[in-house]
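This report concerns only the one structure given below.
Since every read-out is calculated from the coordinates, none of them should be taken as a lab result. Source: prediction; values computed, not measured. Cβ coordinates were reconstructed from backbone atoms using ideal geometry, including for glycine residues, and neighbour counts include every protein chain displayed.
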Amino acid sequence: MNLTLTVGGSDSAELVRRMLGSGIHLNEHAETLMRDIDFATADVATLRVVSRSVAELGLTAGGTLPEIFASAREQGFALCPPQIGPYLRLALTAQQGSTDANLSVGRAPDGSLTVASDPLRDDDEYPKGFYLRVVDGQSWLRGYRCDDEFVFSPGDRFVFLLL
């Protein structure tokens, strides 16, 4: 995936209304992030994003968030601002659906795209960020939690900014 999108200019309530109006579902962790991220002060900007698998970042045996983020930076990618998740979900209407409708525990969900962004808090019980998933034809913006020891699989995909 290589996509150009416009972000900013909307507050949290407006973004939630737009997502719900588009049939996008949110989980509890995404709702927490939507309440806590400051969307209102984000300037309108056009950003280019790209997705890469953990293996494409050179981590063929998988990697932790710190390893994934470091490898991405070495390859010239940047982390996304935390505000990008809802805008990406609204723009990405053709995401491939998951082949596994069950929620995943202990691994990234099949077919998901994790938005690479710095966590808002240094707390493993607080959501780290957003990921996008389609299950049974329904688009989701979900939040996820993990610690810095969690190993993402080589095929797991992350979204980064192109500089």
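From helices alone, the chain scores -6500 deg cm²/dmol at 222 nm; the rule is -39500 (n - 2.57) for each run of n ≥ 4 DSSP H residues, then divide by the residue total.
Short-range pairs are left out: with C-alpha atoms under 8 Å and at least six residues apart, the relative contact order of the chain is 33 percent.
Within the shell of other residues whose beta carbon sits under 12 angstrom from the beta carbon of ASP124, the net charge comes to -3, with Lys and Arg scored +1 and Asp and Glu -1. Computed over the chain, the convex hull of the alpha-carbon atoms projects to a mean area of 8.7 nm². For the chain, with the dipole built from +1 on Lys and Arg beta-carbon atoms and -1 on Asp and Glu ones, taken about the Cα centre, which of GLY143, LEU26, TYR87 lies farthest toward the positive end? Selected residue: TYR87.
A Cβ-based charge dipole, computed about the Cα centre of the chain with Lys and Arg at +1 and Asp and Glu at -1, lands at about 620 debye.
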